[in-house]
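All of the numbers you see were taken from the coordinates with simple rules; none came from a lab. As the structure is a computational prediction, the values presented were derived from the model and not from experiment. Note: ideal-geometry Cβ built from the backbone for every residue, glycine included; neighbour counts use all protein chains shown.
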Amino acid sequence: IDHFGNRRLRTVGELIQNQIRVGMSRMERVVRERMTTQDVEAITPQTLINIRPVVAAIKEFFGTSQLSQFMDQNNPLSGLTHKRRLWALGPGGLSRERAGLEVRDVHPSHYGRMCPIETPEGPNIGLIGSLSVYARVNPFGFIETPYRKVVDGV
């Protein structure tokens, strides 16, 4: 269960894409309603399209989501680590109360993918971490890291 080969990350782009999709579906519904009620000859794109649902969905994500927070800008290093932070909490994840010790422990699959040292103290220990130096998230949401193949001990 805790193996990083089986765990998929939801990146910021994916979360914002979902919110924009919600806003676009609301906007589509408004456009369809306006097309049925207005005169065909008098319809213009300006009268049909209202971008407020899309803007409201984006503002809702940045304003109320548990995963949205102000960036730590004390120094460049803290800003960089804040951008590479991994959360096991939030919607679709764990809660501090339900997370047991086995979830918080370092798993062998974390090697090269997640820094085992950089985790906060207190109730979030092991639930919040950072990507390691050479780790990256592929387009499918899995963490990849470079490695060298050892053949005959070399």
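Some points to look at:
- Contour minus Cα-Cα distance for Q73 and R7 (0.36 nm per residue): 20.8 nm
- Computed magnitude of the charge dipole of the stretch 76-144 (debye, nearest 20; Cβ of K, R +1, Cβ of D, E -1): 220
- Extreme residue, positive dipole direction of the chain, given options P146, F4, S95 (C-beta unit charges): P146
- A helix-only calculation puts the chain at -11000 deg cm²/dmol for mean residue ellipticity at 222 nm, using -39500 (n - 2.57) for each DSSP H run of at least four residues, averaged over all residues.
- Listed residue (H107, G129, L80) projecting farthest to the positive dipole end of the stretch 76-144, Cβ model: L80
- Cα-projected label distance for I20 with V154, points at 7 Å along beta-carbon direction, nm: 5.0
- Remark: spin-label model distance N124-V106 equals 2.1 nm, labels positioned 7 Å along the Cα→Cβ axis.
- With the biggest extent put first, the Cα atoms of the stretch 12-64 measure 42, 15, 14 Å across the principal axes.
- Across the chain, the mean sequence separation of Cα contacts (distance under 8 Å, 6 or more residues apart), normalised by length, yields a relative contact order of 25 percent.
- Applying a DSSP loop filter and a limit of 12 other Cβ atoms within 10 Å to the GluC sites (Glu not before Pro) in the stretch 23-66 leaves E41.
- About its Cα centre, the dipole of the stretch 12-64 is roughly 140 debye, where the only charges are +1 on Lys and Arg Cβ and -1 on Asp and Glu Cβ.
- Cα→Cβ-extended label distance, 7 Å offset, between E41 and N138, nm: 5.9
- Note: the stretch 76-144, Cα convex hull, 107 Å³ per residue.
- The alpha carbons of the chain give a radius of gyration and a Dmax of 21.7, 78 Å, in that order.
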